[in-house]
Amino acid sequence: MFYDGISFSHSSWQLNQHEMNKTLQREINLAKNIQSQLLNGKTPTFEGGEVAGTSLPARLIGGDYYDFYPLVNGKIRIVIGDVMGKGIPAAMLMILTRGAFRSAAESTQSPGETLTAMNQALYDDLRNLKSFVTLFCADWDPISGVFSFANAGHNLPLLICGRDRIVKSLPKVSGIMVGGLPNQIYKEESITLSNSDTVFFYTDGIVEAVDKNGEQYQLQRLMTTLTELQDKGVEEIQKGVMDSIHDFTESLPQKDDITMVILKITNEKSDITSFNSPVLTI
């Protein structure tokens, strides 16, 4: 009976452990679904361009973040970010970052002000948790064509010039990561985008993806891939970049989250041959 008692206790422990594992797995899957819904929310539509984003976590859930926020003045505010760390802790901080962005976007006038407000809101929590977030925030104005942006320690997006058919980084604008130092003021830069120009936002999981030899995908390979895809729509560009990464890594397990946002300008300019001629839309 004594041995039977030990056997029974061990079986009960195994049963309880099994139930706990099932509960934990359900909760992780629920967290994954919540994060997926937040990341894959409604994508804004507007005349003169198209935008899309995608994120592929290295684990079930990740710490990368992107978001779109239509402003009352007709602009679209775009943000992409990377929380230090991976898995559940990073995902929790990503949700915190999302809330700070939504709140700041509603009450600020520009990308720089948005990052300043986010740093103010998140600094104490991030310091207590010994973490930080890199962010790149931009406003796209479909009416004027002006693309203004500010940076908090993130990778500079790439600009695919439709006219010159070249790929280059956006003009440099510096700023410390959110959670790095208190009371930061984030400076801004701006450029004017033309028809067929594309802005490619990304996290470092793309350029730091490795193959079986430990070689990294690197920025130059990404730029070459984007050059080959520049005539495609945003969805095809996303798929083409993902396919290129998978071919390079030969489907090895991801080491970091992979996230990208693509803004493509598609407005056609009117061709007016003379003052009295009819307007021809090409």
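Amide H contacts under 5 Å for Leu56: Ile258, Thr259, restricted to partners 5 or more places along the chain or on a different chain, H placed in the peptide plane at 1.01 Å from N. Given the pairs Lys42/Lys86; Lys75/Lys255; Lys22/Lys212, which span a C-alpha to C-alpha distance of over 31 angstrom in this model? Pairs exceeding the cut-off: Lys75/Lys255; Lys22/Lys212.
Here the range 133-282 has 49 percent of its accessible surface on carbon and sulfur atoms, given a 1.4 Å probe and all protein chains in place. Would you tally the net charge around Gln120, using a Cβ to Cβ cut-off of less than 14 Å, leaving Gln120 out, and scoring K and R as +1, D and E as -1? Spelling it out: positives minus negatives among the neighbours equals -2. The calculated FRET efficiency for the pair Ile191 and Gln25, based on their C-beta separation and a Förster distance of 41 Å, comes to about 0.30.
Could you please report the charge total around Phe248, scoring K, R as +1 and D, E as -1 over all other residues with beta-carbon less than 12 angstrom from its beta-carbon?
-4
Around Gly179, what is the net charge, scoring Lys/Arg as +1 and Asp/Glu as -1 over all other residues with Cβ under 13 Å from its Cβ? Net charge around Gly179: -1.
The values are calculated or read from the model by the stated rules, or taken from the named source; none is laboratory data. Because the structure is a prediction, the values reported are computed rather than measured. No Cβ is skipped: glycine too gets one built from the backbone with ideal geometry, and neighbour counts run over all protein chains shown. The protein model used for the area step is the full one, side chains on, heavy atoms only, and it has no ligands, DNA or RNA in it. Shrake-Rupley method; radii C 1.70, N 1.55, O 1.52, S 1.80 Å.
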